[in-house]
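Written out below as structure tokens is the structure these notes cover.
Please treat every number below as a calculation from the coordinates, not as lab data. Predicted, not measured: the structure shown is a model, and the values here were computed from it. When we count neighbours, we look across all protein chains shown, and the Cβ atoms used for this are built from the backbone with ideal geometry, even at glycine.
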Amino acid sequence: MDRKRAIKQLNKIKNLAKEIRLAADSWEEDWKTLIAILLSARTRDKVTIPVAENLFNKYGSLEKLATANYHDVKRIINSVNYSNVKARKVIGCAKMLLSLYNGRVPNDFNKLVELPGIGRKSANVFLAEKGYDRIGVDTHVAQISRKLGWTKHKNPALIERDLERLFPRKMWREINWILVRFGQSYTNKREKNLLLEKINQIKD
């Protein structure tokens, strides 16, 4: 895949994507951004955002969240997938942020992935939101990247590596943002595939 062609394709996708708030967007504190990203795993952002808002209205500080009752948290986040597991992860993540980092979220990939509920994709999405050059590979990123021939892999770490090689570093943190918005803008599979077929015809 030629870099110039891939950049043209990504820019076209960006123009087609609708302005949709994602789970990582617009939180005033880093810990809220991280917890919202944790909650968004395998859950639509339009479901995650109001759930996260309700959670933060109930527990307005990291200290309150760290001492929250598991069943209360599970009840509040019940609309997200795997709420029983995520409730424990949310409380555990809050506790670890307080005990290890004085309530501050580290801007370090290796430290982030040690937190409960934070894997490779979530850590990269958080860092990209903070302005670091990282690529969060979720389902949308993986599917679209394979469809356009940017990668042949299914393993997120290998997809991430291929995208880093293909796109200039200054574009990395936009990739998840663009592809997820596009994926959520066109929920009809046929419509999305037709658009991607047209985008795939873009030449250098």
Correct response: the longest run of the chain lacking exposed trypsin sites (Lys or Arg not before Pro), defined by DSSP loop and at most 15 other Cβ within 10 Å, is 45-103
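Structure shown: which of Lys32/Lys64; Lys14/Lys111; Lys89/Lys147; Lys18/Lys86; Lys147/Lys203; Lys18/Lys198 lie over 23 Å apart, alpha-carbon to alpha-carbon?
From the list (Lys32/Lys64; Lys14/Lys111; Lys89/Lys147; Lys18/Lys86; Lys147/Lys203; Lys18/Lys198), the Cα-Cα distance tops 23 Å for Lys14/Lys111; Lys89/Lys147; Lys18/Lys86.
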What's the center-to-center distance, using Cα atoms, between the range 1-54 and the range 56-81 in Å? 22
Compute from the Cα atoms of the range 91-156 the Rg and the Dmax, the latter being the longest Cα-Cα distance, and quote both in angstrom. 14.2, 44
So, R0 is 35 Å and r is the distance between the beta-carbons of Arg42 and Asp204; what FRET efficiency does that work out to, to 0.05? 0.45
With label points built 7 Å along Cα→Cβ from the Cα atoms of Arg21 and Glu53, find their separation and express it in nm. 0.5
Most mobile listed residue (Ile37, Ile159, Ile20) in the chain, GNM with C-alpha springs under 10 Å: Ile20
Tell me, what is a quarter of the convex hull surface for the C-alpha atoms of the chain, in nm² with one decimal? 10.9
